[in-house]
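These notes concern the structure reproduced below.
The values are calculated or read from the model by the stated rules, or taken from the named source; none is laboratory data. Predicted, not measured: the structure shown is a model, and the values here were computed from it. Positions of Cβ are backbone-derived with ideal geometry, glycine not excepted, and every protein chain shown enters the neighbour counts.
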Amino acid sequence: MRDRADRLTLGLPRFHTIVLLNRSRMRWLESLEFLQAAHALYRSVGFRRIDPYEQHSMESYQSRQQLENFNRITLFMEMEL
């Protein structure tokens with residue numbers, strides 16, 4: 001069973017991340033700076049750090065000051081599809 005072999009080789013967190021990304025076709029993500037283990041996982045599946053992008057998850061309901069604070073403590077990443 002190839003799925004089982006992949007899970008054992010890649011490790012479950014990385015395997016599940018790859019499956020979810022393939023299903024969702026996710027291209028951008030935001031992650032708080034202190035979540036370094038998550039960042040390593042995202043990099044391992046092809047994400048790279050980028051500047052904050054327009055229309056991220058907080059854009060529609062945060063004040064300008066809150067957005068600036070969010071951008072300071074957040075890592076923005078992108079993956080080429």
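Scanning the stretch 54-81 for residues that are assigned to a loop (DSSP other than H, G, I, E, B) and either among the basic types (Lys, Arg) or farther than 10 Å from residue 29 by Cα (or both) yields a total of 11. The number of residues in the stretch 45-81 being at negative phi, within 11 Å of the chain's Cα centre (by Cα) and modelled with pLDDT under 90 comes to 4. Of all residue pairs spaced 6 or more apart or on separate chains, those with beta-carbon atoms under 9 Å, a first member in the stretch 22-49 that is closer than 21 Å to residue 69 by Cα and outside any strand (DSSP E or B) and a second member that is of a type in the set (Ser, Thr, Tyr) and modelled with pLDDT of 85 or more are 33/74; 38/31; 39/31.
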